[in-house]
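J.: If you scroll down you'll find the structure; I have some questions about it.
The values are calculated or read from the model by the stated rules, or taken from the named source; none is laboratory data. These figures come from a predicted structure and were not determined experimentally. No Cβ is skipped: glycine too gets one built from the backbone with ideal geometry, and neighbour counts run over all protein chains shown. Protein only, heavy atoms only, side chains kept; ligands, DNA and RNA dropped before computing areas. Shrake-Rupley method; radii C 1.70, N 1.55, O 1.52, S 1.80 Å.
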Amino acid sequence: MRALRTVVVALACMAFVGVAHAQGFVIEMEEPDARFPDDGSFAEPAQEGEGSMGRVLFKFYVDGHVLYRFEVERKAVYTGWLRYGSKGEIPLRVAVDPADETAPEFESATLPPTGGYIGPGVWGWAQIFRQELAAGEHVLAIGSAAFRPDCVYVTSGDETPTDDLVKNDWREILGDEAYERALEPIYEVHPDWLDEVEAYEPPDWYEQTRVQLHTRLSLRWLNEPVFLNAAQAFRRMGARAFVRHIKSGAEGAWWASAVGPVVPEAEGRNIAQEIIDSAHEAGCHIIVYHRHMEDDWVAEQHPDWAARDNHGMILLGRRHKICFNSPYTDYVQTRLLELVEMGADGFYFDEVHMPKQCCWCGYCREAFTELTGFEHPEWPDPHNPVWHRLKDFNNLTIERIFRQWRPAIHERNPECVMLVGSNTWPTMMDRHMTNRLFRIADVMKTEFSLPNRMNGRMLRLPAEMAPTEPDIKIALGYALARDACDGRPPHIWTHGLLDETSALYASAGMMTHGCVANLDVSERNIPDMKFASALALGDRVSPHFARMRPIGWAAIHYSELAKDRRALDPAEAWREVLHPIYGAYMALFGQRLPVRILTDSQLCEPLPQSCRVLFVPAPEDLTDRMRGVTEQFRAAGGTVIENRDEWLWHEPDGRQAAIDAFLAELPDDPPVQVTGGPELMHAEAFASEDGERLTVSLANRFSWVYTGRRPAPERLEELTTPPPPCEGVTVLLRGLEAPPASVREVVRGRDLAVRRVGDHVEVDVPGFEYMAVLAVGG
């Protein structure tokens, strides 16, 4: 029996399937008996996997209040405990049995901050009332506040509730056999279709343009001169490629499409063609932002295609979301191919592709049950292993749609680049999307500091474990974004940059890790010349990154399979998988050694020739195919380092010992190593396929760069102050058949002397502020 919005009986087994509360009951806040106002602007339910029934209240900051009716069987003193999420201290208004339910006389309670609004580990409990209640029906009124309320536990006992109250015993509910079956992921680590995927190399224009621009010009700018003059303005700034909206949300097509409606502004006019033509006339390539997940017309005309939550409601993003297990996949493909024919040079597929909490539409329900034998879970509960299998199914759906779209697009234009959004995948802390998707993405799209977003993720880092360092966590995320796509340059959206210096440092950091810096320009400030220096920097260094791939002398295995098997226990996932990965990367970053990431599917294939070291964080989770590749690598003379129980990467006092032990097992012949400079200086090395060219890129610390909404004026000086220059840097090079007399540093255009020292050569790098790039050969 569930306690929802009406009468709830105390002192009984209440509230959740399989959970008994001997002293009280739970009131779910998502379905109040009354809300004031009741016009959709206030106290609406929102999906939240960590909510007591998979939901919490959203829009609770709007002025108003909610009412809940409940019943107790006997007279006693009762305490009400509220479960909620907040970032700050919350003044809350509460009334029990108010005389006027439309305008209650409230008492105030102060709730402490819990650490956030969404995700694991951010929820807390606070007492909101304690008073004697007579047997019978009562009313609880709660006033609005800027936080996310979940549920109220009413008890006649003295116990303080914990989150165990809102967790189900899924083994008991499902039964041992079904529970054990639900623990194992349903996907193939290396499906047959990966063998059929042709190796893809981005076109020259993409490889040679490592700083690009981004505008979110929408139809509301249609009558402004900038709408059709933006490309010329970008070219004056120095841009050669940019991203531009060509469908911003759930609206109709901006051209006369063969499917679906056309926006009124495009009646008798092809706005999309005008935008594409204006880019090409300005001498630029254009990547079109086509919002593919939402469509209001489809939701109205084909309601069975709509993505739905576990209550059957259509999911909303930028309006109505549509499910790609419906015929909508073909509908979108029609429009994509129309844009290819108009000359689009690339597609920017943003966001999550399928709902992160999964979809409960009829198509998904039928296909999931047919694939797994399980019915859909009642709500998105990250503690329910069946929901994790639904997450697997969700990810398989995303892979299927891009497997369909990629060859269709490339058949029309092989040089049309498909940028596939990865959402929170580079954090390693969620289970939305997998490495298999990025083997078939032309390149990955991510965001500047996204890899360092630690709050609200499914696999939240436990507070007692060693923290991560922002620059290193971002660098690891960029390596994941690059290497999951077999070294192809990821496209990194960077918005809200405050000044020229910030743009230079951010671009230097992204390019140093083999990425494309995608700098967002405010629509109100086109042209914005503070980006001109970063664009000019991109012009100087891009030729030395084009067609170059990371050397990856040391490879770290990122095992999603091992992580997924521990998804029900985030602490175990961090202790046994994620912290060893981060720790090994931290060790190699600190020594400035060439490092790359190997995903599960990549470890099923022969390792790159440049790889001499392989770190395996979870050897017990290797598949037979992975184990075979690992043994072949070892037999060929490669060094395999398997994680050990005594390496306590996760402990604040144990991590350094683990790093030292790991480094002691490395061979002493890296082809490139960088010494000197500040502790958080970044260093990466890239080589051409034929080995004739080598690029070593260095960047100063860049996690200080502010992105996002414009901050208060009094913070501007603090947020735009760069770190000191990098001084005393030396680059060591081994294995060069004919060491050159000098090496070109291309940022400032100067030749640097080379000296031989034993078995290697050394190059001293003059001090630099944000970036130095050494070009060897070619």
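J.: Step through the residues of the range 82-92 one at a time and calculate ³J(HN,Hα) from phi using the Karplus curve (6.51 cos²θ - 1.76 cosθ + 1.60, θ = phi - 60°), rounding each to whole Hz and writing x for Gly and Pro.
T.: Here the 3J(HN,Hα) series is 9, 9, 7, x, 7, 8, x, 5, 10, x, 10 Hz.
J.: At most 14 other Cβ atoms within 10 Å and a DSSP loop assignment: could you name the chymotrypsin sites (Phe, Trp or Tyr not before Pro) in the range 662-712 that fit?
T.: Filter output for the range 662-712: empty list.
J.: Here's another thing I want to ask about it. Tell me which of ALA299, GLY654, GLY758 sits at the most positive position along the dipole axis of the chain, charges placed on C-beta atoms (Lys, Arg +1; Asp, Glu -1).
T.: So the residue furthest toward the plus end is GLY758.
J.: How big is D, in µm² s⁻¹, for the range 473-530 by Stokes-Einstein at 25 °C and 0.890 mPa s if Rh is the Kirkwood radius over C-alpha pairs?
T.: 202
J.: Please report the spacing between the Cα centers of the range 573-597 and the range 506-548 in Å, no decimals.
T.: The range 573-597 and the range 506-548 have Cα centres separated by 28 Å.
J.: What number does the range 416-487 give for Rg over Rh if you use C-alpha atoms and the Kirkwood radius?
T.: Values: Rg = 12.6 Å, Rh = 12.7 Å.
Reported Rg/Rh (Cα atoms, Kirkwood Rh): 0.99.
J.: Quick query: amide H of HIS245 versus all other amide H atoms, modeled in the peptide plane; which residues come in under 5 Å with a sequence gap of 5 or more or a different chain?
T.: Answer set, sorted by chain and number: THR215, LEU217, TYR289.
J.: For the range 238-356, what is the charge dipole size about the Cα centre, in debye to the nearest 20, if Lys and Arg each add +1 at the Cβ and Asp and Glu each add -1 at the Cβ?
T.: The dipole magnitude comes to about 360 debye.
J.: Report the full-extension gain for the segment THR369 to ARG220: residue separation times 0.36 nm, less the Cα-Cα distance, to one decimal in nm.
T.: Gain on stretching THR369 to ARG220: 49.3 nm.
J.: What's the tally of Lys pairs in the chain whose alpha-carbon atoms lie under 26 angstrom apart, where the two lysines are 8 or more places apart or on different chains?
T.: Taking the chain as the scope, the lysine pair count is 27.
J.: If you count, for each residue, the other Cβ atoms within 10 Å and average over each peptide, how do 388-399, 186-197, 461-472 line up from highest to lowest?
T.: Listed from highest to lowest mean packing, they are 388-399, 461-472, 186-197.
J.: What is the ratio of the Cα radius of gyration of the range 310-464 to 2.2 N^0.38 Å, where N is its residue count, to two decimals?
T.: Values: Rg = 16.5 Å, N = 155, 2.2 N^0.38 = 15.0 Å.
Against the empirical 2.2 N^0.38 Å value, I get 1.10 for the range 310-464.
J.: List the residues whose amide H sits under 5 Å from the amide H of GLU642, counting only those 5 or more places along or on another chain, with H placed 1.01 Å from N in the peptide plane.
T.: Here VAL616 satisfy the definition.
J.: Probe of 1.4 angstrom, ligands and nucleic acids ignored: what's the accessible area per residue over the range 9-160, in square angstrom?
T.: Dividing the accessible area of the range 9-160 by its residue count gives 39 Å².
J.: Here is a follow-up. Using a 1.4 Å probe, what is the accessible area per residue for the range 602-706, in Å²? The partial results should precede the final answer.
T.: Values: 4820 Å² over 105 residues.
For the range 602-706, the solvent-accessible area averages 46 Å² per residue.
J.: Dipole of the range 622-728, Cα-centred, from +1 at each Lys and Arg C-beta and -1 at each Asp and Glu C-beta, to the nearest 20 debye?
T.: In total the dipole reaches around 500 debye.
J.: Next question, about the same structure. Would you work out which of CYS361, CYS284, PRO740 lies farthest towards the positive end of the dipole of the chain? Charges go on Cβ: Lys and Arg +1, Asp and Glu -1.
T.: The one lying farthest along the dipole's positive direction is PRO740.
J.: Another question about this same structure. In bins 10 Å wide, starting from 0, what share of all Cα pairs of the range 397-457 does each bin hold, as a percent?
T.: The calculated distribution, bin by bin, is 21, 47, 24, 7, 0.
J.: For an R0 of 41 angstrom, estimate the FRET efficiency from the Cβ-Cβ distance between THR623 and ASP39 and round to the nearest 0.05.
T.: E(calc), rounded to 0.05, equals 0.15.
J.: Karplus couplings for the range 507-518 from phi (6.51 cos²θ - 1.76 cosθ + 1.60, θ = phi - 60°), rounded to Hz, Gly and Pro as x?
T.: 5, 4, x, 5, 5, 4, 8, x, 10, 9, 7, 10
J.: Dimensions of the chain along principal axes (Cα, Å, largest first)?
T.: The principal-axis extents, from largest down, are 93, 70, 57 Å.
J.: Right, another one. Place the peptides 561-571, 431-441, 666-676 in order of packing, highest mean first, counting for every residue the other Cβ atoms within 10 Å and averaging per peptide.
T.: 431-441, 561-571, 666-676
J.: So what is Rg over Rh here for the range 437-561, counting just Cα atoms and using Kirkwood for Rh?
T.: Taking Rh as the inverse mean 1/r over Cα pairs, Rg/Rh reads 1.00.
J.: Please calculate how many Å² of accessible area the range 240-289 carries per residue, with a 1.4 Å probe and no DNA, RNA or ligand atoms counted.
T.: Each residue of the range 240-289 exposes 33 Å² on average to a 1.4 Å probe.
J.: Here's something else I'd like to know. Considering only the other residues whose Cβ falls under 11 Å of the Cβ of TRP297, what net charge follows from Lys and Arg at +1 and Asp and Glu at -1?
T.: Residues near TRP297 contribute -4 overall.
J.: Tally up the carbon and sulfur contribution to the accessible surface of the range 409-448 as a whole percent, 1.4 Å probe, everything protein left in place. Each step should come with its number before you reach the end.
T.: Details: 250 of 740 Å².
So the carbon and sulfur contribution to the accessible surface is 34 percent.
J.: Highest mean first, what order results for 519-531, 492-504 on Cβ atoms within 10 Å?
T.: 492-504, 519-531
J.: Which of MET418, PHE402, GLY496 sits closest to the plus end of the dipole of the range 384-528, meaning its Cα is farthest towards the positive end, when Lys and Arg get +1 and Asp and Glu get -1 on the C-beta?
T.: Of the listed residues, the answer is PHE402.
J.: With charges set only on the Cβ (+1 for Lys and Arg, -1 for Asp and Glu), what does the dipole of the chain come to about its Cα centre, in debye to the nearest 20?
T.: Using only the charged Cβ atoms, the result is roughly 1680 debye.
J.: Summarise the accessible area of the range 277-343 (1.4 Å probe, protein heavy atoms) by the percent that is carbon and sulfur.
T.: After summing per-atom areas, the C and S share lands at 48 percent.
J.: Just grab the label-to-label distance for ALA256 and LEU736, each label 7 Å out from Cα along the Cβ direction, in nm (one decimal).
T.: So the two model labels end up 6.2 nm from each other.
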